[in-house]
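Written out below as structure tokens is the structure these notes cover.
What follows is calculated from the coordinates using simple rules that are stated; it is not laboratory data. Predicted model, so just to flag it, every value in this text is computed and none were measured. Positions of Cβ are backbone-derived with ideal geometry, glycine not excepted, and every protein chain shown enters the neighbour counts.
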Amino acid sequence: MLTKDFYFDLPSGLIAQYPSAQRGADRLMTLDRKTGETGHHRMDDLPSLVPAGAFMVFNDSKVRKSRLYAIKESTGAKTEFLFISPLSSLFTTLYSSQWRVMVRNARKHKSGDVYRFPDGTEAEILPNAALEGTEFRELGFRAPLTEDWFEQNGHIPLPPYISREDNAFDAERYQTVYAKEMGSAACPTAGLHFTEAMLRCLADAGIETAWVTLHVGLGTFLPVRTERLEDHTMHQEVYTVSEETAGRVNAAKQAGRPVLAVGTTSVRTLESAYTENREESIEKNGGVRAGEGATSIFIYPGYRFRVADALFTNFHTPESTLLMLVSAFAGREHILNAYQAAVEQRYRFFSYGDAMLIV
């Protein structure tokens with residue numbers, strides 16, 4: 001398939017620059033993936049729209065203040081880094097902490113360049129020929145970096161289509177209310193629509209919930225630059241599925257109950273953790289396996305879903321891997337028709353925008 005097959009025209013005014021005034025006060029479109037029929041609702045309606053007997057799975061990854069600014073010592077230029085993930089130290093005699101980062105105008109930042117962060121901490125770009133020609137670099141620090149250091153020096157990593165600086169408001173709103181496991185460089189944004197009150201309403205309605213963890217990383221920030229989807233390579237992201245969650249998901253599947261994944265990251269985790277006809281498979285005919293893993297799964301039309309039966313998600317960017325995933329789930333024509341309806345109805349798009357329930 002071609003990347004251009006997933007283009008749609010989106011007026012810039014529909015890209016949400018701020019969240020709704022109150023968390024959860026968002027619009028909700030429903031999409032029947034068999035018929036393509038859409039419906040228009042509010043988030044408050046969700047408990048009555050969830051399929052009967054559904055088992056909901058959320059991603060509890062927590063967003064780190066991973067956007068940081070430093071001064072390049074050789075030029076005095078201000079440099080923006082997005083910290084993606086810690087690395088095993090290869091230069092143990094010199095550096096106690098190494099990080100994979102994205103950097104603007106990466107070609108200008110070369111091995112040996114030194115940077116000073118706001119509190120005086122210094123870092124050096126380490127040699128890695130594999131990263132030449134990419135947006136990524138590796139930074140070495142002589143002292144370990146703590147979460148307190150990120151909290152004090154970092155900024156909320158708002159996505160590039162939000163054309164403003166982050167503020168104190170974002171520190172709360174660009175984080176799910178159930179975020180627990182620190183490690184994401186971007187928010188699993190489908191979860192931003194959920195309030196504590198909504199979670200209680202779901203429980204009162206007899207809807208069971210469970211948690212997985214996938215730390216959102218490189219793949220979220222990279223556009224598809226290849227003409228053909230099959231030529232695009234996803235970067236790895238780390239996930240964890242607990243024994244409890246795996247057992248409950250497998251029990252739900254065996255009982256014929258629909259598994260509703262909240263967010264594309266939950267889908268990718270569940271599908272990546274699924275095993276079939278292998279020795280380590282939990283169930284004879286396949287099942288979700290507990291444990292930690294790293295996934296570079298790229299889901300696009302033609303993929304056969306093994307775990308997710310329904311999906312709660314946001315509205316995604318044109319020609320993105322996320323749009324391709326939901327198109328694989330509901331059908332490209334159904335998705336593009338629904339997105340056209342969303343544009344006509346002036347839904348708000350992307351991270352801080354409105355939501356879609358695909359059943």
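Using only Cα atoms, what Kirkwood radius does the stretch 67-153 have, in angstroms?
About 12.9 Å for the stretch 67-153.
Using modelled amide H (1.01 Å from N, peptide plane; none on Pro or chain starts), what sits under 5 Å from the amide H of R42, excluding residues fewer than 5 places away?
Amide H neighbours of R42, under 5 Å, 5+ apart: L28.
Applying the Karplus parametrisation 6.51 cos²θ - 1.76 cosθ + 1.60 with θ = phi - 60° to the phi angles of the stretch 255-266, what ³J(HN,Hα) value in whole Hz is obtained for each residue in order, glycine and proline being reported as x?
7, x, 8, x, 8, 9, 8, 8, x, 5, 5, 5
Using amide H atoms built 1.01 Å from N in the peptide plane, name the residues 5+ places from D354, or on other chains, whose amide H lies under 5 Å from its own.
Under 5 Å from the amide H of D354 lie the amide H atoms of F315, R348, F349, each far enough along the sequence or on another chain.
Determine ³J(HN,Hα), in whole Hz, for all residues of the stretch 347-359 in sequence, where each value follows from phi through the Karplus function 6.51 cos²θ - 1.76 cosθ + 1.60 and θ = phi - 60°; x replaces Gly and Pro.
Karplus values, whole Hz, x for Gly and Pro: 5, 8, 9, 6, 3, 9, x, 8, 10, 9, 10, 9, 10.
Give me the Å³ per residue figure for the convex hull around the C-alpha atoms of the stretch 120-195.
152
With charges only on Cβ, +1 for K and R and -1 for D and E, what is the dipole size of the chain about its Cα centre, in debye, rounded to 20?
That gives a dipole near 400 debye.
For log10 I(q)/I(0) by the Debye sum over Cα atoms at q = 0.06, 0.08, 0.09 Å⁻¹, the choices are [x] -0.35, -0.49, -0.55; [y] -0.23, -0.41, -0.52; [z] -0.36, -0.57, -0.66; which was calculated from the structure?
Of the labelled values, this structure produces [y].
For the stretch 67-153, what is the charge dipole size about the Cα centre, in debye to the nearest 20, if Lys and Arg each add +1 at the Cβ and Asp and Glu each add -1 at the Cβ?
Roughly 360 debye for the stretch 67-153.
Relative to the longest principal axis of the C-alpha atoms of the chain, give the angle of the C-alpha long axis of helix 321-330, reported between 0 and 90° and rounded to the nearest 10°.
In the chain, helix 321-330 runs at an angle near 10 degrees to the longest axis.
Quickly estimate the mean residue ellipticity at 222 nm for the chain, helices only: each DSSP H run with n ≥ 4 gives -39500 (n - 2.57), and the total goes over all residues, rounded to 500.
Taking each H run of at least 4 residues, the total per residue is -5500 deg cm²/dmol.
Report, by chain and number, residues whose modeled amide H sits under 5 Å from the one on I84, excluding near sequence neighbours (fewer than 5 apart, same chain).
The list, which skips near neighbours in sequence, is R100, V101, M102.
Using each residue's phi in the stretch 178-194, evaluate 6.51 cos²θ - 1.76 cosθ + 1.60 at θ = phi - 60° and report the 3J(HN,Hα) Karplus result to the nearest Hz, with x for Gly and Pro.
10, 4, 9, 9, 5, x, 8, 9, 7, 7, x, 6, 4, x, 5, 7, 8
Whole angstrom only: what separates the Cα centroid of the stretch 1-40 from the Cα centroid of the stretch 224-280?
Between the Cα centre of the stretch 1-40 and that of the stretch 224-280, the gap is 23 Å.
Output the pairs from K4/K65; K65/K108; K65/K253; K110/K180; K4/K34 with a Cα-Cα distance over 28 Å in this structure; if there are none, say none.
K4/K65; K65/K253; K110/K180
Sequence gap at least 6, Cα distance under 8 Å: using those rules, report the relative contact order of the chain to the nearest whole percent.
Over the chain, the number comes to 25 percent.
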